[in-house]
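Student: One structure, pasted below without further comment.
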């Protein structure tokens, strides 16, 4: 599986857009943010929707400790009261159950993603209740190392593009970022890298900011 942060991609972006040359000169290359592919990571991404990483992680730890093993069948065995005891809201409980049910019934086969294209993967992910564009993008970028994704539902990405480029509207942002293909995931990593460094924040297990899911 190809790395997101690679020399060919870095050189392409630096030559394509002054924005990346300036970020690279000031802060260097971004970290190789990655997570393992699979059910657990996808559940964590659902729990991270609209909350801080620390809160999401605390809720995941409670849920993980409550279960004998973290797998779809065990999620489906939990009552609403047990979910709430683990600080999982009713809404996110319904999302975790929808994902678990889809996996158990073969609607979603995460192990098949290596043989599918990005469009098909995103369509399959977003067909599940609770997995929107942002969650699908983050899973594909961090867990599958998809090379050409820009999560336009992410507030840090949007605000950084508005800050560093002439693009201000959604249409302008889509058009401007299209020239970063086929390395838009690396471009996103650069933008997050700038966003964090400018704010003197270090995040080895980075949690992006969400506009919408």
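Student: Restricting attention to segment 87-103, does a residue exist that is in a helix (DSSP H, G or I), without any contact (Cβ under 8 Å) to a residue 40 or more places away in the chain and more than 23 Å from the chain's Cα centre (by Cα)?
Tutor: No, there is no match, as no residue in segment 87-103 is in a helix (DSSP H, G or I), without any contact (Cβ under 8 Å) to a residue 40 or more places away in the chain and more than 23 Å from the chain's Cα centre (by Cα).
Student: Considering only residues that are over 17 Å from residue 48 (Cβ atoms) and surrounded by 13 or more Cβ atoms within 10 Å (Cβ to Cβ), which ones fall in segment 85-97?
Tutor: Within segment 85-97, 85, 97 meet the criteria.
Student: Being surrounded by 14 or more Cβ atoms within 10 Å (Cβ to Cβ), in the same structural domain as residue 129 (by TED's automatic domain parsing) and without any contact (Cβ under 8 Å) to a residue 60 or more places away in the chain narrows it down to one residue among 51, 61; which is it?
Tutor: That would be 51, the only listed residue that is surrounded by 14 or more Cβ atoms within 10 Å (Cβ to Cβ), in the same structural domain as residue 129 (by TED's automatic domain parsing) and without any contact (Cβ under 8 Å) to a residue 60 or more places away in the chain.
Student: Looking at (1) free of Cβ contacts under 8 Å to residues at least 60 places away in the same chain; (2) in a loop (DSSP other than H, G, I, E, B), which one does residue 180 not meet, given that it meets all the others?
Tutor: It fails just one condition, (1).
Student: From the list 56, 29, pick out the single residue that is under 21 Å from the mean Cα position of the chain (by Cα), surrounded by 15 or more Cβ atoms within 10 Å (Cβ to Cβ), in the same structural domain as residue 161 (by TED's automatic domain parsing) and closer than 27 Å to residue 190 by Cβ.
Tutor: 29
The values are calculated or read from the model by the stated rules, or taken from the named source; none is laboratory data. Because the structure is a prediction, the values reported are computed rather than measured. Here Cβ is always computed from backbone atoms with ideal geometry, including for glycine, and neighbour counts include all displayed protein chains.
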